[in-house]
Structure formats: structure tokens, C-alpha cells
């Protein structure tokens, strides 16, 4: 008499939940539009956008809210797209090395740099490269910020991010505010501008 051995497979489905969402079916975070509205040929001459497939043609992504920024009248500006709160004065600290920029940002508090927001040391920080790059309007230059922005003291130079370069820990990423380009700045011992940010309430 033959005995048959049945092997049963148990299939387990695991649903991963984002720690930032209570909706298990939430879509990925939307990507905002870049602000680019013009198109160019390989020589850099502006051309009609229709059918080029360039960003100025597709304009994919989430449209920016209007207004994009809200001046909180307390030395801060809220980005209504991301909810981040930025220091209104983009030149409070002048140029600093990366280590000094970290310290200046982390110790920033109410009463300094025109702040009257009640913030305390430890709430401010250097922005990540994605946060800093997210301020940029690629259709504008000098500075590459959305039209009508309420910031003061924006410099036509590089600004530090808190993101270290992957190619070497002695380097950090920065944004060049003339054109809005995101670059790995040479060395953390160099001196560029500081623009602190903190999370929204």
C-alpha cells in the first residue's frame, strides 16, 4: 500500500506600512513641478515646447500652491508646498565653513536673525540637499527662486546643505542660487552661505 505525502504551502502576504502614513493604500509622495516652462535645442536656443518631451513641455508633477510661500511676520517663511519653515533672512550668518554652518543652524533661536517665533536652539538645522534644492524655480535665475518670494538677503552664490557627498566625507552638497544648480561643493572647509530650516508645526 502506497502512502501519499501531501506538502502544503502556506502563502503569507505581508503589507508594509509607511511610518508616515495611516493609509495602507497611500500613493507614493508626489513630485512637485520644477517650474521649467521653456524648452531649448542642443545649441541652447529657445524653441517651441510642443512635442519635445522636455520638462517645459510635459510639466509633470504637482502644481505649486498659490501663494508658494507665506511670510509669517516673525522672521520665518513657510513653504506651503512642503510645510517646511525657513529663516526669512538668507544672509544672517554670511559665509561659513560647513562645521560652523551646522553649529549656527543648530543654535539658532528666537531673538537672533530677526526671529520672533519662539523657536529654541535645536529646532533649526541645515536643510538636506533635497529640501534646499526644492526651493529652486528652474525657470528663473539670480536668484533661482519663485517669483514674488518673500525672502531677504538671498545671495548669488552657493548655500550649504547638511548632506555630505557620497564620494568623500570631506565634501558636502550645495545649491548655486544663481541658476539653481545642485552641486557637490569642493570642501567642507570652504566658506559658503547658510540658510537654516525647521520642520512645520
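Since every read-out is calculated from the coordinates, none of them should be taken as a lab result. Note that the structure is predicted; figures quoted are calculated from it, not measured. All Cβ positions, glycine included, derive from the backbone under ideal geometry; neighbour counts span all protein chains shown.
Descriptive notes on the structure:
- If the chain linking residue 100 and residue 80 were pulled fully straight, counting 0.36 nm for each residue of separation and taking away their Cα-Cα distance, it would gain 4.3 nm.
- Each Cα pair under 8 Å and six or more residues apart adds its separation to the average, and for region 82-201 the resulting relative contact order is 37 percent.
- For 68, 130, the sequence from fewest to most other C-beta atoms within 10 Å is 130, 68.
- Relative contact order (percent, whole number), region 70-127, Cα cutoff 8 Å, 6+ residue spacing: 30 percent
- Footprinting exposure proxy ranking of 179, 171, fewest other C-beta atoms within 10 angstrom first, gives 179, 171.
- Available extension along the chain between residue 63 and residue 157 is 31.1 nm, counting 0.36 nm per residue and deducting the alpha carbon span.
- Calculated FRET value between residue 50 and residue 128, using beta carbons and R₀ = 41 Å, to 0.05: 0.70
- Here the gap between residue 166 and residue 189, fully extended at 0.36 nm per residue and compared with their Cα-Cα distance, gives a gain of 6.6 nm.
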